[in-house]
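Report on the following structure.
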Amino acid sequence: MKKTLLILVAVFYIFSFNINAQTVSNIDFSLGDYTNWKAYQAQNLSSPSTISFSAWTLFNDPTTCFWQGERCFIINSNHNEIDSSVSTGTNILKKIPAGYSSSSQINCAQNNSNANKLSYDLSVTSQNCNITFNYALVFEAPGHGGYQNPFFIIEVRNINSDSSDGSLINSNARFEEIVESPATAGWNTNDVGNSAVIWKNWSQVSMNLQDYIGQTVRINYILTSCSYTGHFGYGYVTTKVSPVMDTIFAEICEGEVYNQNGFNESTTGFYIDTVDTYFGPNTVNYLNLTVNPSSTTIYHDTICQGSVFNNYGFNFIADSSVTLTQNLQTINGCDSIVELNLVVNPIPTAPQNLDIASINVCGIVWKGNAERYKVYRNDSLVGIVTDTFYIDHEVNFFNGELYIYKVKSVIGECESELSDSLIVQFGGLENIKQPSIQTKLYPNPTSNKSYLEIEGLISEADVLVYDMIGRVIKNYKINQGTKELEIDLSTYAKGVYSIRILNETINQTKKLIVQ
């Protein structure tokens, strides 16, 4: 095989198409049977210098041909099956060559000069005129003269008007292998029983039938035992066809290899592949190959624990810091690798022990260790501070109005749940702190059920459960003195849910993570 890389100064409109190389039904035995094949049997009457057979007996179904109780032809469909008679160590003969799904075994018995033939009639078109024959052989090596030894033939013939074999389509349309002892280059030697056996692993010969497009030709595989009747031979065959090749325009992705139609290329370029054939003119293929790049994009991001990360093609609940990758496809069909390095920040603890500041102003204090705090009055954000107290300059210090305060802890972009409520009523110089309830959700996170502990409830309240898009999915009513409420979310999806405790003086919300 000769290959040349041509550097062309030209502009090409690159496109890709797939050539269907197997346009002939079952020429490669891929149907797992002998559809479209015929078989013949005769005796090998050859002399050392002349090939001669007795009259051939036709078998329209090759599976019905037997010789001395042994099948003449067997389909092999197990790609991993080996010929255990000759395979040793790492020198393995598989019954099917790489790249094929099936093969046919041709058996010739040890006695009575057996000869067997498989035939296929091919209507030659521009889509099947390039033929590749694959064969592997196992012969006893008796050391007779010439064609008195076991031998193997591939030939292409014309077909006579009575459907019998005609002449060779040209003087070169015949290929042969004759057993020789000692074994020549390319052959292996094994002992099978007491007989010296030589064998050849899978080999190929090619043929270009471009000059015979529009005609029907006959392909014959012939295999014999020796004409002295005492030495066997068998082999494996399969065939494929491909079309006349002009320029193949193909695209692959970076890191891949284009290995079709006789090429084995991995870089952008224009290539010529000339295949030396045994019969007829050489096959010349042209390849215009484009290698499209693959890409890797790395993202760094942060998120709060328990939140849903939905970006760059990822979608999951973030529990801990992680590095993830996924393969996407670009417009050219090549992999685009996306790497995500995600830092998951913990949810800070909600502020504790809200109380009225011990100063003669409207102020509240609490305990916490966050970077900053969001202060809410009557469910409205009124301030963001870095200290653990807040002075509310906007309230009427003397009108006796009722105020409900809550506070969130904030670290980075992560916020805690709201604290318990602090209910305050200011009047004159006297301020009155209304009883506030203390609540706790546990376990949190949970996989199904959680329990809401309640302390200090002095009147009936509603407990509302909201899903991740704000819909109320559960509604509980609890009475004064209720200590604990079971919340069952086992039938709902994983995510972050909101639990809201509500009456005329209480409006408290907690987050529940279901994982």
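What follows draws every value from the coordinates through simple rules; no lab data is involved. Note that the structure is a prediction, hence the values are computed from the model and not measured. Neighbour counts are summed over all protein chains in view; Cβ atoms, including those assigned to glycine, are modelled from backbone coordinates with ideal geometry.
Under 15 Å from the Cβ of ALA493, count the other residues' Cβ atoms, weight Lys and Arg +1, Asp and Glu -1, and hand me the total.
Values: positive: ARG471, LYS474, LYS494; negative: ASP467, ASP488.
Result for the neighbourhood of ALA493: +1.
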| note | So for segment 450-515, using the alpha carbon gyration tensor with a ≥ b ≥ c as root eigenvalues (a/c under 1.5 gives rounded; past that, a/b versus b/c decides prolate or oblate), I'd call it prolate
| task | Mind putting a number on the dipole of the chain about its Cα centre? Charges go on the C-beta only, +1 for Lys and Arg and -1 for Asp and Glu, and I need it in Debye to the nearest 20. | result | 440 debye
| remark: The FRET efficiency for SER380 and VAL308, from their Cβ-Cβ distance with R0 = 35 Å and rounded to 0.05, is 0.85
| remark: Distance in nm between THR35 and TYR228 label points, each 7 Å along Cα→Cβ, equals 4.5 nm
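Computed FRET efficiency, Cβ-Cβ of ILE82 and ALA185, R0 25 Å: what is it to the nearest 0.05?
On the way: r = 23 Å, r/R0 = 0.92.
So the FRET efficiency works out to roughly 0.60.
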| Label-to-label distance, nm, for residues given as ASN448 and THR349 (7 Å Cα→Cβ offset) | 3.1 nm
| request: Mind scanning LYS367/LYS474; LYS367/LYS406; LYS406/LYS474 and naming the pairs with a C-alpha gap bigger than 21 Å? | output: LYS367/LYS474; LYS406/LYS474
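Which of the GluC sites (Glu not before Pro) across segment 445-499 are loop residues per DSSP, with 16 or fewer other Cβ within 10 Å? Numbers along the way, then the final one.
On the way: sites: GLU453, GLU455, GLU460, GLU484, GLU486; in loops: GLU460.
Listed in order of number, the matching sites are GLU460.
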| Hypothetical label at LEU402: residues of segment 485-515 whose amide nitrogen lies under 12 Å (7 Å Cα-Cβ projection) | 503-507
| remark: Restricted to pairs 8 or more residues apart or on different chains, the lysines in segment 37-242 with C-alpha atoms under 19 Å apart form a number of pairs equal to 8
| query | Using modelled backbone amide H atoms (1.01 Å from N, in-plane), which distant-in-sequence or interchain residues come within less than 5 Å of ALA350's amide H? | reply | GLU417
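Rounded to the nearest 0.05, what FRET efficiency do ILE92 and THR57 have when you use their Cβ-Cβ distance and R0 = 30 Å? Provide the component values of the computation, followed by the final result.
On the way: r = 35 Å, r/R0 = 1.17.
Computed FRET efficiency for ILE92 and THR57 comes out at 0.30.
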| note | DSSP beta bridges in segment 300-343: the antiparallel percent, rounded to 5, is 80 percent
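What is the extension gain from LYS494 to ILE75, computed as 0.36 nm multiplied by their sequence separation minus the C-alpha to C-alpha distance, in nm to one decimal?
Using 0.36 nm per residue and subtracting the Cα-Cα distance, I get 145.4 nm.
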| message | For the pair GLU455/ILE178, report the inter-label distance in nm, with labels modelled 7 Å from Cα in the Cβ direction. | response | 10.6 nm
